[in-house]
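Colleague: Okay, handing you the structure first.
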Amino acid sequence: MKKNSIAVLTAGLLLLTVFAAGAQTMTGLDVMNNVYNRPKGPDITSELTMTLTNSRGSTRVRTIRQFVKEYGADEKKIMFFTAPADVKNTSFMDWSYGAPGKEDDMWIYLPALKKVKRISSENKSDYFMGSDFTYDDLGERKPDKDTHRIIGEEKVNGSDCYVVESVPKDPDYIYSRTVSWIVKGSWIGAKKEFYDEDGELLKTLTINESDKVNGYWVVLDMEMENVQKDHKTRLQLKNVKIGEGIKDSFFTERQMKKGVR
Amino acid sequence: MKRSITLLVITAVLLSAGAAAVSAQEGIGFNGYVRNYTGVLLDNSDYTSDFSAIENTFDLKADYSGDISDLHAEGYVYSDADDDLTAGVRELYFDIYFDNMDLRVGKQQIIWGKADGVFITDVVSPKDLSRFVLPDFDEIRLGVTSVKADYYLGDFTLEGVWVPVFTPNVIPSGNSLWAVSMDLPSTVDPSIVKFTTDLPDTVLENSEGFGKISYMGSAFDFELMGGYMFDDAPAGHVSVFNPPTSVKIIKEYQRMFMGGGSFSTEVAGFVFRGEGAYYNGKVFNLGPDYLQADLLSGGDGTIEKDYIHYMAGLDYVIAGVNVSTQFIQEYILDYEDKISNDEFNSTMTFLAARKFMNDTLELKFFGYYGLNNSDALVRLSAGYDIADGLNLVIGSDIFIGDEGYFGQYDANDMVYAKVKYSF
């Protein structure tokens, strides 16, 4: 019996030691890689509503239908703008790649021009449809584009989080640094701060609601506030479906022009 | 004017009400816009009016989506400064979708190529140039009644278009601000010149046919296309030349082949675009100094030559400003000095646009610069979204130079305001 107790104690100590060693060696890059590589399902469709509120309290609303499919480390995304009327039937497609250094391919279809046009991936720093989100904020910024370090651990809404500071390797990037609160285990963001080129706080991202859909964590409601301009954007997802089986032929020029029913 | 605006508003309200009622039925969607466009000439000394444009437009699109087919209709009602109402159909077609093929039948705009603001391989839909190149491009392009089939093979698309009846470009009327005068000897009084238009007969053999293969992939996109068609712009064939009493010119549209291609690719954040076309047997007019001799030798003041039109363009983003520049060149092969056009005609375009205030304000500069005549069109505009769907644009169109494609309109400098409500 004594022998058994010693064996259990030894095994327990060993496990604790391994766990502690693992925790100690967890780096900022590891955390952000876990976020980037978090299982998201083979494909996801959703309806996005963006509510823009300016400093006077007046609001503008944009609605989008979004389709995303994973191809290993690569991802294809297509968005169909459904409102307001002056952007209706515009579509946007982004093919992003996991390979380091390989930039996204992006196209836009403007119904007035009736043609699909390749656009520069430099547009990822642009604000998306006048919201407080850039294309980069909405997508998955590759971890290798920033230098990451863990600067603390905090609880946010009852969840244990790593606090990770990320500094872009490109000195001309729109943010000088970001600070992310990442929930341990689920590797989903809890909140994020964005600092401008002068190091001043520019924007804060608050996650209002996350939930599991078909076993995958999805952010369903978040709000980005530009604290310098007193402008904010609430982004809500509804009718989220994961693993419905979007065809490869959906991510094509044909579909961009055809739109979605 | 008052009557036409009232009529326009009533029509818009009735159509909108009808649209709203019908859209309650499943599968039918309506959208469109109402717009006022008012332009004021900076110098009216050459004209009787201060206004370059007073236009009110109501545009309505209707879409019906079925299981394997869609219907699309777009019509417009338009009133101008002369109190005239014009109504028309911009597009009216239906789509049938198969697994790997789409079929579109009816009046439709078909757009080809990668160039912005110039037409090189974009030869299927003719253009409405009655207001030069100033309107939005969906209003410049004319729908053609045609059958279009697209077959999809992986990342490739094969497209075939049959246009049974030829539709030419709309050219500015003689009393328009944008009227183009033909280059005739100085001894000819323009008032005695009579023009007639000879359109191809509406017979099957005068059909136009076009084909295109296109590819869209990660590394690059390209299109290769060809067409057996009529030139959308006419050449002036002199039928009678007895100045000072009588000069008669017949505008004819030349049958010709066109082959071309275009591509776009991105390298390090820069999008490179290229487009080129070879036209076999385009007809050019002769210069005024050579006209008489040509007529005496049995000619009609025209000559047929092959012709190349190409463009190289670059798009990039710098400090949040979308920048685009293009170099465009036209080249007449086997050139002869008696041709009224230059052997080479080169044009550059520049675009710089940036949005501010969460995309509610857009400042834009677009310029054409003609290298042959050092002439230019400079377009500056500021657009502001007053509310979702309600947009105000204030801008100026300034023509620089004395001659050339843009310089000929030096007297037409204007400022304008456009208010557009989209629904």
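A short reminder: the numbers here are calculations on the coordinates, not readings from a lab. Computed from a predicted structure; not experimentally measured. Backbone-built Cβ (ideal geometry, glycine too); neighbour counts: all protein chains shown.
Colleague: Taking θ as phi - 60°, what are the ³J(HN,Hα) couplings along segment A:218-233 by the Karplus curve (6.51, -1.76, 1.60), each to the nearest whole Hz, with x for Gly and Pro?
Modeller: With the stated coefficients, segment A:218-233 comes to 9, 7, 9, 8, 9, 9, 9, 10, 8, 6, 7, 9, 6, 10, 9, 10 Hz.
Colleague: Considering amide H positions built from the backbone, and no H for Pro or chain starts, which residues 5 or more places from B:Ser146, or on another chain, come under 5 Å of its amide H?
Modeller: B:Gly106, B:Lys107, B:Gln108
Colleague: Across peptide B:94-100, what mean number of C-beta atoms from other chains lies inside 10 Å of a residue's C-beta?
Modeller: Taking the mean over all residues of the peptide, I get 1.
Colleague: Give A:Lys40/A:Lys69; A:Lys258/B:Lys148; A:Lys77/A:Lys247; A:Lys117/A:Lys241; A:Lys88/A:Lys142; B:Lys114/B:Lys355 a once-over and call out the pairs whose C-alpha atoms are over 19 Å from each other.
Modeller: Table pairs above 19 Å Cα-Cα are A:Lys117/A:Lys241; A:Lys88/A:Lys142; B:Lys114/B:Lys355.
Colleague: Anyone know which of B:Val317, B:Val144, B:Val378 comes out most mobile in the 10 Å Cα GNM of chain B?
Modeller: The residue that fluctuates most here is B:Val317.
Colleague: For B:Lys251, list long-range residues whose amide hydrogen, built 1.01 Å from N in the peptide plane, is under 5 Å from its own amide hydrogen.
Modeller: When sequence neighbours closer than 5 places are left aside, the close amide H contacts are B:Thr196, B:Thr197, B:Asp198, B:His237.
Colleague: Using 14 Å as the cut-off for backbone N distance, which residues of segment A:173-203 belong to the label zone defined by a point 7 Å from the Cα of A:Val156 along Cα→Cβ?
Modeller: A:178-195, A:203
Colleague: Can you compute 3J(HN,Hα) from phi for each residue in segment B:410-417, using the Karplus curve 6.51 cos²θ - 1.76 cosθ + 1.60 with θ = phi - 60°, rounded to whole Hz and x for Gly and Pro?
Modeller: 4, 7, 9, 4, 8, 10, 8, 9
Colleague: A further question on this structure: For the pairs B:Lys107/B:Lys420; A:Lys203/A:Lys238; A:Lys115/A:Lys232, flag any whose C-alpha to C-alpha distance is greater than 27 Å.
Modeller: A:Lys115/A:Lys232
Colleague: Let me ask something else. Where a Cα-Cα gap under 18 Å defines reach, which lysines qualify for B:Lys248, not counting those fewer than 8 residues away within the same chain?
Modeller: B:Lys194
Colleague: Across the residues of B:313-321, average count of Cβ atoms on other protein chains within 10 Å?
Modeller: Mean inter-chain Cβ contacts per residue within 10 Å come to 3.
Colleague: Amide H neighbours of A:Leu202 under 5 Å, at least 5 residues apart or on other chains, H built in the peptide plane: list them.
Modeller: HN-HN under 5 Å from A:Leu202: A:Phe194, A:Tyr195, A:Asp196.
Colleague: Now, a different point. Compute the long axis of helix A:2-25 from its Cα atoms, compare it with the longest principal axis of the Cα atoms of chain A, and write down the angle in degrees, 0 to 90, nearest 10.
Modeller: Helix A:2-25 and the main axis of chain A meet at about 40 degrees.
Colleague: Please state the shape class of segment B:221-317: rounded when a/c is under 1.5, otherwise prolate if a/b exceeds b/c and oblate if not, all from the C-alpha gyration tensor.
Modeller: It is prolate, given that a/c is not under 1.5 and a/b is the larger ratio.
Colleague: Further question: Kindly write out, for segment B:133-149 in residue order, the coupling ³J(HN,Hα) from the Karplus curve 6.51 cos²θ - 1.76 cosθ + 1.60 (θ = phi - 60°), rounded to whole Hz, with x marking Gly and Pro.
Modeller: 10, 7, x, 4, 5, 6, 8, 6, 6, 9, x, 10, 6, 7, 10, 10, 10
Colleague: Further question on the same structure: Looking only at other chains, what is the average number of their beta-carbon atoms within 10 angstrom of each beta-carbon in A:116-129?
Modeller: Per residue, the average neighbour count from other chains is 6.
Colleague: Another question, then. With +1 on each Lys and Arg Cβ and -1 on each Asp and Glu Cβ, and nothing else charged, work out how big the dipole of the protein assembly as shown is about its Cα centre, in Debye to the nearest 20.
Modeller: 2980
Colleague: Taking the Cβ of B:Asn412 as the centre, find all other residues whose Cβ is under 12 Å away and add up their charges (Lys, Arg: +1; Asp, Glu: -1).
Modeller: Overall, the nearby charge balance is -4.
Colleague: In terms of the Cα gyration tensor, with a ≥ b ≥ c the square roots of its eigenvalues, is segment B:106-161 rounded because a/c is under 1.5, prolate because a/b exceeds b/c, or oblate?
Modeller: oblate
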